[in-house]
Amino acid sequence: MKKLTILATLALIVGGSLTAQAGDMKGGLGFHMGESPMSGIFSFVNPLAPNASRAAATVGGRQWVSETVGIDAAVGYNSFKAEQGTQVETWTGMSFDLGLPIVVKKFPHVNFIVRPGVQFGSLEDKDETSLPATTTKYTMTGFSGTLEAEWYVTENLSLSASHGLAWASMKDDGTPEIKFTSLGTTGSNFTQVGFNLYLW
């Protein structure tokens, strides 16, 4: 129910901006940042592969519906398998990210953006060391708020950097339930700069 409420709210906000001129509605491929709020939790659950298990939502794009309001959507997937003798374990993760970039200040070739976002994800831990195999499934929900600088290198290519605050919660399907919750700042360095290539 919460997911539907969030999506409906985003749709209403965006819907109010659809009166913009067609020239304002740029869209294209790209990603916001190289990690997601669930990165730290995934790394804790799978300490053997802190980078491989993240499934950060980094394949996606951005669509502007007006000069100041847009939509970000991205998906991430990763599968990691560990084998040592008779021990075989596989982690499979997937995540989705939705964001609402809002331009609050325009400079020559640069937009200062406030971006609220929501994230959903899942992680499956399959242990095939003994038969029958045991599987633990985790589900994740996250919320983030970031400040972003989007620099237009050319008319249709932009680079971006951001930092902000994120909250994430992940729980498994076991009895009793195991739950992880994190709250912290997010950011990236020059090796994790986001980009958008506007193709239409």
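Collect residues whose amide H, placed 1.01 Å from N in the peptide plane, falls under 5 Å from the amide H of F31; neighbours closer than 5 in sequence don't count.
F195
Long-range amide H contacts for V88: which residues qualify at under 5 Å (H placed 1.01 Å from N, peptide plane, sequence gap of 5 or more or a different chain)?
For V88, the qualifying residues are E128, T129.
Sum up the charges of everything whose Cβ sits under 11 Å from the Cβ of V88, counting Lys and Arg as +1 and Asp and Glu as -1, but leave V88 out. Walk me through the numbers on the way to the answer.
Details: positive: K81, K126; negative: E83, E89, D127, E128.
Combined, the nearby Lys, Arg, Asp and Glu give -2.
Given H placed on each backbone N at 1.01 Å, which residues far from L157 in sequence or on other chains put an amide H within less than 5 Å of it?
Y198
Calculate one ³J(HN,Hα) per residue across region 158-164 by plugging θ = phi - 60° into the Karplus curve 6.51 cos²θ - 1.76 cosθ + 1.60, and present them in order as whole Hz with x for glycine and proline.
The phi angles translate into 10, 10, 9, 9, 8, 8, x Hz.
Tell me, what HN-Hα J-couplings in whole Hz come from the Karplus equation 6.51 cos²θ - 1.76 cosθ + 1.60 at θ = phi - 60° for each residue of region 97-105, using x for Gly and Pro?
Calculated HN-Hα couplings, in order: 10, 10, x, 10, x, 10, 6, 9, 7 Hz.
Calculate one ³J(HN,Hα) per residue across region 68-84 by plugging θ = phi - 60° into the Karplus curve 6.51 cos²θ - 1.76 cosθ + 1.60, and present them in order as whole Hz with x for glycine and proline.
10, 10, x, 10, 10, 9, 8, 9, x, 8, 7, 10, 10, 10, 10, 10, 8
FYI, it's all coordinate maths here, none of it is from the lab. Since this is a predicted model, take the numbers as computed values, not measurements. Heads up, the Cβs are rebuilt from the backbone with ideal geometry, glycines too, and the neighbour counts pull from every protein chain shown.
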